[in-house]
1. Consider region 585-604. How many of its residues are in contact with a strand residue (DSSP E or B) (Cβ under 7 Å, 6 or more places away or on another chain) and within 16 Å of TYR675 (Cβ to Cβ)?
2. Mind checking which pairs have a first residue in region 338-360 that is free of Cβ contacts under 8 Å to residues at least 24 places away in the same chain and a second that is aliphatic (A, V, I, L, M) and in a helix (DSSP H, G or I), Cβ under 7 Å, 6 or more apart or different chains?
3. Out of SER589, SER659, SER620, I need the residue that is open to solvent by less than 40 Å² (accessible area, probe 1.4 Å), within 24 Å of the chain's Cα centre (by Cα) and among the hydroxyl-bearing types (Ser, Thr, Tyr). Which one?
4. Working only within region 543-564, note down all residues that are open to solvent by 10 Å² or more (accessible area, probe 1.4 Å) and in contact with a Gly (Cβ under 9 Å, 6 or more places away or on another chain).
5. Can you pull out every residue in region 276-296 that is more than 18 Å from LEU350 (Cα to Cα), open to solvent by 20 Å² or more (accessible area, probe 1.4 Å) and in a loop (DSSP other than H, G, I, E, B)?
6. If a residue has to be touching a residue at least 60 places away in the same chain (Cβ under 8 Å) and more than 16 Å from the ligand (Cβ to nearest atom) to count, how many in region 434-444 make the cut?
7. Could you say which residue among ALA77, ALA97, ALA104, ALA87 is open to solvent by less than 20 Å² (accessible area, probe 1.4 Å) and within 16 Å of the ligand (Cβ to nearest atom)?
Amino acid sequence: MTRRTLMAAGSMGLALVAAPRALARRADSHRERVEDLIARMTLQEKAGQLTLFNDPFRWRPGNVNPGDFDTDQEKTAQQIRDGHVGALFNGIGAEQARYAQRLALEESRLGIPMLFAADIIHGLRTTFPVPLGEAASWDLDLAERTARAAAAEGGASGIHQTYAPMVDVARDQRWGRVVEGAGEDVLLNKLFAAARTRGFQGDDLADPLSLLATPKHFAAYGAAEAGLDYNTTDMSEQTLRGVHLPPFQSAFEAGALCTMSAFNDLNGVPTSGNHWLLTEVLRDEWGFTGFVVSDYTSERELIAHGFAEDDRDAARIALTAGVDMSMQSGIYLAHIPDLVESGDVAMEVLDRAVRRVLMTKAALGLFDNPYRGADPEVERRVVGSPAHRDLAREAGRKSVVLLKNENKLLPLPKAGKRIALIGPFGADRSNVFGPWSIFADREMGVTFEEGFRAALTDASLLTVVKGSDVEAPLDGGIEAAVAAARDADVVVLAVGESHNMSAEAQSRVNIVLPAPQQALAEAVAAVGKPVVVLLKTGRALELSGAVKDAGAIMVTWFLGSEEGAAAADVIFGDHAPIGRLPISFSHYSGQQPYYYSRKATGRPELPEESEYKARFRETSNTALYPFGHGLGYAPVSYGEIVLGSETLPWDGELTASVSVTNTGDRPVDEVVQLYVRDRVASLTQPERLLKAFQRVTLAPGETVEAAFTLTRQDLLFIGRDMAPTVEPGWFDLWLAPNAQGGPHTQFRLVR
Ligand code: BGC
């Protein structure tokens, strides 16, 4: 046995990077130019700089937003010439970017460069795993690298800004947009928000292959009541500041210079008209200097919310609240001139918004190098490059999570066993990319079948049967699947959700496998062969019957362009699974919202008594698969926690370590997770809260000591006065493989 000691590096939640100074310097040098422009702009031109329309010039595979996109190229060209639009979104292509930019530079009165944005969420042409899947890697460096690659492809295609990362904490799996973020936990969301921002923006925002990041949707959009997309959010200011705002702060501290105001109503004031949120908190308190763009028509939706009378009123409220740029509705262009002329909006309010937009354009280098990355030659070289495909495969295999593996069913041998690959996703290419992959190169996707065939020594041992459509049965499908299962030694069931089941506006009442697929799984399992489930999903699902009881379950999310190859890397054992759940799997849909860091209540469920406790009749409060859970191909055992001392001095440090041992015969990665509970506080605190984590790689038989250092800063919570606070007293501490169980100890913070 060997023994090593590792110190937790960079994993403590509070270690955030400072905003890149180069950005600020460049912007300063343009201040004069921007002020000169503002002095010369007409009201209409100012409104134009605050107006964003869809891009009709460039290739766009279809609509991702409601209503029809404008396809009238001449109309938009004229708006550019007239200075009536300052930004376009969701079209890619270097050639066309140059055309639209040339119109602005050479044919508009003031020659202000255009800003081109797009929803580059998890890759452009090369597609990486969906953000939730990638968060399951718990690998921040990976997230930074995929964001960097996505930025390079976007930049080379003439894009300057991405509407990503989504940093909404999501605790209700009925909400379809869980798939777009980093899951339920505050720390993971903060760390991924910063990593992705760093990746998109790089060291220098003016680098043609960098993109302006847009952490979204500001704020608390993920807390929609009942998981119903766009729904009301209503919460204490402590929950807002303690759970939903930190990932945004983290992205801003990493340098993000834009954010998107959300669709939701927050405590009675829709976020896109919320002066307190967009100005008092974001600007006055945090010192954010970038600009705020509305979500798609969210500023006009103030009318539907019952918060504004008409378009003009909505424009007034949104602009005054702090929404600087209006996406798609056109109400700024239509009403700002009159609002200012009539005195309903002060000129300073308008100029402030214009200044923010122009200064961000300056920070992007658009005044110096307006064509930036838009170079068809670079585009051909960078987009879909072999290096990006390799990265997609690496990211794919690091994102899968092995939930269960009875009798070492996985990995499967590459030869000697007949495999039946059954289910709607076995040979399907359309669902490898996942939601928000609007620009994905559809030709590029590797299916499970293709990945398996390439990995197997003898591909003739593989039979592929669809068995069912995603949401409808197939004629004779079950019979064919059962026959294939009979002829096989092992069944791999590729089942789950299609990409359009977990996405915007795709809230679900029951987070279950569609009935036809469940029926398929039951029939196939009844044959009696060992079953491996590959679960395609963008949220935690309620697992039941044959799926829940399968010998092995691997969550594959939507892994992107290299999905089949990445999955095969893990299934056939070339690489071990290393992912950990960024969301909890509850037993039943009816338990949602379900998350590990819940409060204890006055009647917590105890293992020994369940009467009159805060629990449902049908199930305990423990998760089926807890947050943080994930298996490798070898078992890991934990020793006792060793504390440097029983007390953490007020201005001092406390070390906590645990030894983890690989007791199996294959290498394994373990993610050691540090959780705390503040036992008694002036505001009740969660039963557990993740504070740090550390990955250790263990050879067979190896023991490694994972060590962490805690300070008072790690124990902060939002106090009654809304300020971060910490109180002396006892804390529970776990160094655990997931949010449930694991070695426990306690320590005391003393003043
Ligand atoms: C979504 C945003 C997205 C925008 C532009 C909206 O419907 O909520 O996340 O960035 O559309 O496509």
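1. Adding up the residues that qualify gives 3.
2. Once the first residue is free of Cβ contacts under 8 Å to residues at least 24 places away in the same chain and sits in region 338-360, its partners that are aliphatic (A, V, I, L, M) and in a helix (DSSP H, G or I) give MET347/VAL340.
3. Step by step, each of SER589, SER659, SER620 is checked, and only SER589 is open to solvent by less than 40 Å² (accessible area, probe 1.4 Å), within 24 Å of the chain's Cα centre (by Cα) and among the hydroxyl-bearing types (Ser, Thr, Tyr).
4. Selection gives GLU562 alone.
5. TRP286, GLY287
6. 2
7. Checking each option against the conditions leaves just ALA87.
Yes/no matrix, rows are residues, columns are (1) away from the ligand (no atom under 16 Å from the Cβ); (2) among the hydrophobic types (A, V, I, L, M, F, W, C):
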{"residue": "ARG109", "(1), (2)": "yes, no"}
{"residue": "MET114", "(1), (2)": "yes, yes"}
{"residue": "HIS122", "(1), (2)": "no, no"}
{"residue": "THR126", "(1), (2)": "yes, no"}
{"residue": "PRO129", "(1), (2)": "yes, no"}
{"residue": "ALA135", "(1), (2)": "yes, yes"}
{"residue": "ASP139", "(1), (2)": "yes, no"}
{"residue": "GLU144", "(1), (2)": "yes, no"}
{"residue": "ARG148", "(1), (2)": "yes, no"}
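The values are calculated or read from the model by the stated rules, or taken from the named source; none is laboratory data. Fair warning: this is a prediction, and the values are worked out from it, not measured in the lab. Counting neighbours? That spans all protein chains shown, and the Cβs are built from the backbone with ideal geometry, glycine included. These accessible areas exclude ligands, DNA and RNA; they are computed on the full protein's heavy atoms, side chains included. Shrake-Rupley method; radii C 1.70, N 1.55, O 1.52, S 1.80 Å.
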